[in-house]
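Input: a single structure, listed below in structure tokens.
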Amino acid sequence: MRVAVTGATGRLGRAVVTALEEAPFTGPFGPIGWSRAIFDLDTPEVAGSLLDRDRPEVVVHCAAWTDVDGCARQPELAVARNGTATEVLAGAAAERGIDLIVVSTNEVFDGRRTDGLGYGPDDPAAPINPYGASKLAGEEAARAAYAGARGAGGPALGIVRTAWLYGPPGNDFPTKILAAAERAAASGEPLRLVADEIGSPSYTHDVAEAIAELIGSAAVGGTHHLVNGGQASRADWARELLRQAGIAVATEDVPAATWPRASTPPMWSVLQSTPPPGGEPLRPWQAALADYLPTLLRQRSAARATAR
């Protein structure tokens, strides 16, 4: 099976490429990686020619503008990159009978839920910031493109929402927490941690493996929430990371409003996980974090060596 991945050098994209390289159904040549140099969100009109050239049977659309504060400052650009580019790609793929997976986000929800439950695939979307609005625009455009292509034998559209992604190549939340802990220890100040944002920390490796399972099981169609099990505040996540890394530093819980920013994040970012076709849910976030930790520490060591 020929599978193309947009954003192939991004955080999730590279994990999806790796998962597909290890999947038996992609054959000896593996997946087709479309980096930004090949498929740029600012020039999505190339989608048709790329599809004709590479002839994939499935496209996983990981490319996105994920700078949420940048999106808040330039909402029109956010819609162009996350909405219009998805619309163009979806239209070209649907026209050619190609299955498409569009990667989306928990930020299509407003985060005002108070019943303690995660957002399910059928819950109404109501984004409260331009990033979430732009991603929802992409979802809706893709659904419209595939609406006339459904039916027996027609191409399938999958919407994969995930949340609080972390993983190589670094510059993610765990990386930033380790750096902040180091600075706090050096200054003798407590490490301040946001306690009122709660979500679903999700490891790119696990999300990518679940996406590969959807493709391999011919279960692309529908809306899928792929997140690691459990929930945590930003503070919980950080403290578990420090515990696993054996780093002792004083911490202090603070509200998200401590650091004003351009974007308004959803305070409740928990997604209700939808099990992959095999029925095995993604592992708890603490176990996934432990799996990532050796890679994270190697990255930190390499960064220090480069800085010397």
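The values are calculated or read from the model by the stated rules, or taken from the named source; none is laboratory data. Computed from a predicted structure; not experimentally measured. Cβ atoms come from the backbone with ideal geometry, glycine included; neighbour counts cover every protein chain shown. Protein only, heavy atoms only, side chains kept; ligands, DNA and RNA dropped before computing areas. Shrake-Rupley method; radii C 1.70, N 1.55, O 1.52, S 1.80 Å.
Tabulated results
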| item | result |
| --- | --- |
| Positions within region 204-247 being hydrophobic (A, V, I, L, M, F, W, C), within 30 Å of Ala147 (Cα to Cα) and not in a helix (DSSP H, G or I), in sequence order | Ala218, Ala219, Val220, Leu226, Val227 |
| Residues located in region 275-286, provided they are touching a residue at least 24 places away in the same chain (Cβ under 8 Å) and open to solvent by 30 Å² or more (accessible area, probe 1.4 Å) | Pro277, Gly278, Pro281, Arg283, Pro284, Gln286 |
| All positions within region 84-103 that are open to solvent by 50 Å² or more (accessible area, probe 1.4 Å) and over 21 Å from Arg161 (Cα atoms) | Glu95, Arg96 |
| Test result for Pro169, within 21 Å of the chain's Cα centre (by Cα), surrounded by fewer than 17 Cβ atoms within 10 Å (Cβ to Cβ) and closer than 28 Å to Gln74 by Cβ | yes |
| Complete set of residues in region 174-201 that are open to solvent by 20 Å² or more (accessible area, probe 1.4 Å) and assigned to a loop (DSSP other than H, G, I, E, B) | Gly188, Glu189, Pro190, Ala195, Asp196 |
| Subset tally (residues that are assigned to a loop (DSSP other than H, G, I, E, B) and open to solvent by 60 Å² or more (accessible area, probe 1.4 Å)) for region 20-38 | 6 |
| Leu214, sole failed condition from (1) open to solvent by 10 Å² or more (accessible area, probe 1.4 Å); (2) more than 28 Å from Ser301 (Cβ to Cβ) | (1) |
| When residues of region 254-274 are limited to those that are touching an Asp or Glu at 6+ places or on another chain (Cβ under 7 Å) and part of a loop (DSSP other than H, G, I, E, B), the one surrounded by the most Cβ atoms within 10 Å (Cβ to Cβ) | Pro266 |
| Count of residues meeting criterion [buried (at least 18 other Cβ atoms within 10 Å of the Cβ), among the β-branched types (Val, Ile, Thr) and in a helix (DSSP H, G or I)] in region 43-83 | 2 |
| Pairs where the first residue, in region 75-91, is within 12 Å of Lys135 (Cβ to Cβ) and the second is surrounded by 24 or more Cβ atoms within 10 Å (Cβ to Cβ) and basic (Lys, Arg), C-beta under 6 Å, 6+ apart | Asn82/Lys135 |
| Filter result (closer than 29 Å to Ala4 by Cβ and of a type in the set (Gly, Ala, Ser)) within region 103-121 | Ser104 |
| Hey, Gly158 outside any helix (DSSP H, G or I) and open to solvent by 10 Å² or more (accessible area, probe 1.4 Å) or not | no |
| Residues (buried (at least 24 other Cβ atoms within 10 Å of the Cβ) and more than 30 Å from Pro24 (Cα to Cα)) located in region 217-237 | Trp237 |
| Verdict on Ala290 being assigned to a helix (DSSP H, G or I) and over 16 Å from Ala163 (Cβ atoms) | yes |
| Any hit, region 1-18, residues being out of contact with any Ser or Thr (no Cβ under 8 Å at 6 or more places or on another chain), polar (S, T, N, Q) and surrounded by 16 or more Cβ atoms within 10 Å (Cβ to Cβ) | yes |
| Tally, over region 120-135, of residues that are open to solvent by less than 30 Å² (accessible area, probe 1.4 Å) and either free of Cβ contacts under 8 Å to residues at least 40 places away in the same chain or part of a loop (DSSP other than H, G, I, E, B) (or both) | 2 |
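Results for (1) modelled with pLDDT under 95; (2) not charged (D, E, K, R), shown as yes or no for each residue.
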residue	(1), (2)
Tyr146	no, yes
Arg150	yes, no
Gly158	no, yes
Thr162	no, yes
Leu165	no, yes
Gly170	yes, yes
Lys176	no, no
Ala180	no, yes
Ala185	yes, yes
